[in-house]
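Contents: one structure, followed by commentary.
The values are calculated or read from the model by the stated rules, or taken from the named source; none is laboratory data. Keep in mind that this is a model prediction, so the values were computed, not measured. Reconstructed Cβ throughout: ideal geometry from the backbone, glycine too, with neighbour counts over all protein chains shown.
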Amino acid sequence: MSARGGVHLFMDRDINQPRIYGDFLNSFQELQGFISKGTAPSASNTLVRIFGTPAKAVSALGSANIVQGNVATVANTLDRSNFSKYTAAGVSPFYLRNFPQFNQVIYGSNDGRNYYDSLQVSLRRNTGSLHTALNYTFGKSIDNISVDGNGYTSPIDSYNLRLNRALGDFDHRHSFNATVSYTLPFGKGKRFGGDMPGWLNTLVGGWDVGSLVIVQDGVPFTVGSTRFTNGNTSAATFSNYSGDRAKAGSVRKQGNGVFYFTPAEIANFSFPAAGEIGNSGRNAFRGPTYFNVDSSLVKRFAITEKQALTFRAEAYNTFNHVNFTTPSVSLTSPTTFGKFSSDVGGQGVGSRNLQLALRYDF
């Protein structure tokens, strides 16, 4: 069976996002050259005109933000804290913002898009004491926002929503689950021990074993730059990545922890330059595979026609398999970049959990 669906989601965007491209970005890049190489900015540099000298511009706007390419942060500092200097420098109050009297103008609409396509296969089979149900889904979710606007969720660029289009946060390309139950062939009327005495049949006959198996590929995740290198001060841009994103990432244990990226893969990450959003994009990497098996052993002891005891032994995460969350991916913390700090918690997906239960029915 195939499934296809598309929905519109509520999305917020800031239609007053600073417009950093063109003259402002050129002026910003000249200040970067002034800091790094001592190159004098051009006579038409707007930022120098506003502050009088390159040194004063750097001091007012923040040397560290200029060096790191945080062009959105610098634009915000200029427009909100130094707008009074615009008139004397011959700069329009609309130089950076559509509505200069406001910081943000949040516009809500149904510009969010979510598309899902899948192939779904199910198999159910009952053979004597064996009952099985198998399900496999091959699917793909693509969207430009994965949550229906509850509070302000900023796109990477409010003027270009297409830059957000990528795999959805909840995308699983492959998903398999199975349930199996089996009545053990021991006791009266079964293959083994059909002539055993009643007291022994009570102990060893009528036991049911069951299992639930779930296997899924990991969820997509974004490696951000932690910097604001385009016009949006509400969403950091993406990192640059020079390797093959589809092949990057595998769980590796080493002396100082468990990591997802190799040193060679980590070396492929870098910060985008001012005016760039980062070439790796949104949800460009996929986390580790999820695997879990739960098991049960059940026996019903009849006392009278209307009374019985039911014993259950259950094991969640039977094989004590660790399912990791996404790793730490902060480019500003190189010692922990790619390192796992937690697993998927909760009953059945954390560490192995055993429990026994006895129920009296009357």
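Take segment 98-138 and flag every residue that is of a type in the set (Gly, Ala, Ser) and touching a Ser or Thr at 6+ places or on another chain (Cβ under 6 Å). So that I can check it myself, show each step before the final result.
In the first step, residues of segment 98-138 are kept if they are of a type in the set (Gly, Ala, Ser); the result is 108-109, 112, 118, 122, 128-129, 133.
Of everything in segment 98-138, those that are of a type in the set (Gly, Ala, Ser) and touching a Ser or Thr at 6+ places or on another chain (Cβ under 6 Å) turn out to be 118, 129, 133.
What pairs come up if the first residue lies in segment 186-208 and is at pLDDT below 70, the second is of a type in the set (A, V, I, L, M, F, W, C) and surrounded by 13 or more Cβ atoms within 10 Å (Cβ to Cβ), and their beta carbons are under 7 Å apart, counting only those six or more places apart or on different chains? Taking only residues 6 or more apart or on different chains, the pairs are 193/186; 193/204; 202/301.
Would a scan of segment 82-92 turn up a residue that is of a type in the set (Val, Ile, Thr), buried (at least 16 other Cβ atoms within 10 Å of the Cβ), under 30 Å from residue 167 (Cβ atoms) and outside the structural domain of residue 175 (by TED's automatic domain parsing)? No: zero hits. For segment 136-144, indicate whether the set of residues that are modelled with pLDDT of 90 or more and in a loop (DSSP other than H, G, I, E, B) is non-empty. Yes, segment 136-144 has at least one match.
This table checks each residue for (1) free of Cβ contacts under 8 Å to residues at least 12 places away in the same chain; (2) exposed (fewer than 13 other Cβ atoms within 10 Å of the Cβ); (3) assigned to a helix (DSSP H, G or I).
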{"residue": "13", "(1), (2), (3)": "no, no, no"}
{"residue": "16", "(1), (2), (3)": "no, no, no"}
{"residue": "20", "(1), (2), (3)": "no, no, no"}
{"residue": "24", "(1), (2), (3)": "no, no, yes"}
{"residue": "50", "(1), (2), (3)": "no, no, yes"}
{"residue": "56", "(1), (2), (3)": "yes, no, yes"}
{"residue": "72", "(1), (2), (3)": "no, no, yes"}
{"residue": "76", "(1), (2), (3)": "no, no, yes"}
{"residue": "79", "(1), (2), (3)": "no, no, yes"}
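In segment 8-25, is there at least one residue being in contact with a helix residue (DSSP H, G or I) (Cβ under 8 Å, 6 or more places away or on another chain), more than 30 Å from residue 136 (Cβ to Cβ) and modelled with pLDDT under 95? Scanning segment 8-25 turns up at least one residue that is in contact with a helix residue (DSSP H, G or I) (Cβ under 8 Å, 6 or more places away or on another chain), more than 30 Å from residue 136 (Cβ to Cβ) and modelled with pLDDT under 95. Inspection of segment 210-230 identifies no residue that is assigned to a loop (DSSP other than H, G, I, E, B), on the phi > 0 side of the Ramachandran plot and crowded, with 18+ Cβ neighbours inside 10 Å.
For a quick check of your reading: which strands (runs of 3 or more DSSP E) sit entirely within segment 241-358 and have at least 1 residues that are hydrophobic (A, V, I, L, M, F, W, C) and either surrounded by 14 or more Cβ atoms within 10 Å (Cβ to Cβ) or modelled with pLDDT under 95 (or both)?
Here the list reads 257-259, 290-302, 308-316.
Inside segment 216-244, residues that are over 20 Å from residue 332 (Cα atoms) and without any contact (Cβ under 8 Å) to a residue 60 or more places away in the chain make up a count of 1.
Within segment 124-146, the set of residues being more than 20 Å from residue 174 (Cα to Cα) and either buried (at least 16 other Cβ atoms within 10 Å of the Cβ) or free of Cβ contacts under 8 Å to residues at least 24 places away in the same chain (or both) comprises 125, 126, 127, 128, 131, 144, 145.
Okay, residues lined up against (1) outside any helix (DSSP H, G or I); (2) among the small types (Gly, Ala, Ser); (3) farther than 28 Å from residue 148 by Cα:
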site	(1), (2), (3)
89	yes, yes, yes
92	yes, yes, yes
100	yes, no, yes
115	yes, no, no
134	yes, no, yes
